[in-house]
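Undergrad: After the structure tokens below, expect a handful of questions from me.
The values are calculated or read from the model by the stated rules, or taken from the named source; none is laboratory data. Since the model is a prediction, treat every value here as computed from it, not as a measurement. We place every Cβ from the backbone using ideal geometry, glycine too, and count neighbours over all the protein chains shown. These accessible areas exclude ligands, DNA and RNA; they are computed on the full protein's heavy atoms, side chains included. Shrake-Rupley method; radii C 1.70, N 1.55, O 1.52, S 1.80 Å.
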Amino acid sequence: MKIAVCDDSREDRKKITEYLLRYSEGNMLDIEVEEFSSGEELLSAGPFKAAFLDIYMEGLSGVETAYKLRENSGECAVVFTTTSPDFRTDGFEVGAVHYLIKPITYDNVVAAMERCKRLFGEDAKYFSVMSDRHAVRVQMKNVLFAEVYGKE
């Protein structure tokens, strides 16, 4: 499952990406995070299951980017990240899942992902199995039956 992080601050992008990857490991979600410094870059790359959008950016704002994401595919979960609560109404109008005030913390990202997870359903869940001494991720939605032999 692909998640976009769009912020003109490289530091904020890296922090959100780090938190998303940490969350995915702890919750057995198979995600791939792509970072973008502008809404224009993000829109040329899609589609994404979720997008963390900074509201204040050069060029397209996060709100404008969210509207364009909705035009292209209404299925993307939008999480706004910003320094100001002033755009909460716009977030509501575009159907944002969550609204994070900077500085972003791990707990903030967990709260946002818990809301997003309801939209993802079983698409993102996986478990690991050993095959030829390598860990292999298997999406739960692809498993019809499992059987275990022995204790190992």
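Undergrad: Among Val63, Ile16, Ala77, flag the residue with its Cα farthest along the positive direction of the charge dipole of segment 7-81, charges on Cβ as +1 for Lys/Arg and -1 for Asp/Glu.
TA: So the residue we want is Ala77.
Undergrad: On to the next question. Taking amide H atoms as placed 1.01 Å from N in the peptide plane, list the residues 5 or more away in sequence, or in a different chain, whose amide H sits under 5 Å from that of Ala50.
TA: Ala4, Ala77
Undergrad: If you don't mind, another one. Order the following by accessible area, largest value first: Arg13, Arg133, Arg22, Arg70. Probe radius 1.4 Å; ligands, DNA and RNA are ignored.
TA: Arg133, Arg22, Arg70, Arg13
Undergrad: Testing the spin-label approximation: label points 7 Å from Cα along Cα→Cβ at Ser73 and Glu11. State their distance in nm.
TA: 3.2
Undergrad: Do any GluC sites (Glu not before Pro) in segment 1-69 lie in a DSSP loop with no more than 12 other beta carbon atoms within 10 Å, and if so, which? Intermediate results must be reported in sequence, preceding the final value.
TA: Details: sites: Glu11, Glu18, Glu25, Glu32, Glu34, Glu35, Glu40, Glu41, Glu58, Glu64; in loops: Glu58.
Filter output for segment 1-69: Glu58.
Undergrad: First check a/c for segment 16-63, with a ≥ b ≥ c the square roots of the eigenvalues of its C-alpha gyration tensor; if it is under 1.5, answer rounded, and if not, answer prolate when a/b is larger than b/c or oblate otherwise.
TA: prolate
Undergrad: Output wanted: per-residue J couplings in Hz (rounded whole) for segment 59-64, from phi through Karplus 6.51 cos²θ - 1.76 cosθ + 1.60, θ = phi - 60°, x for Gly and Pro.
TA: x, 5, 6, x, 5, 4
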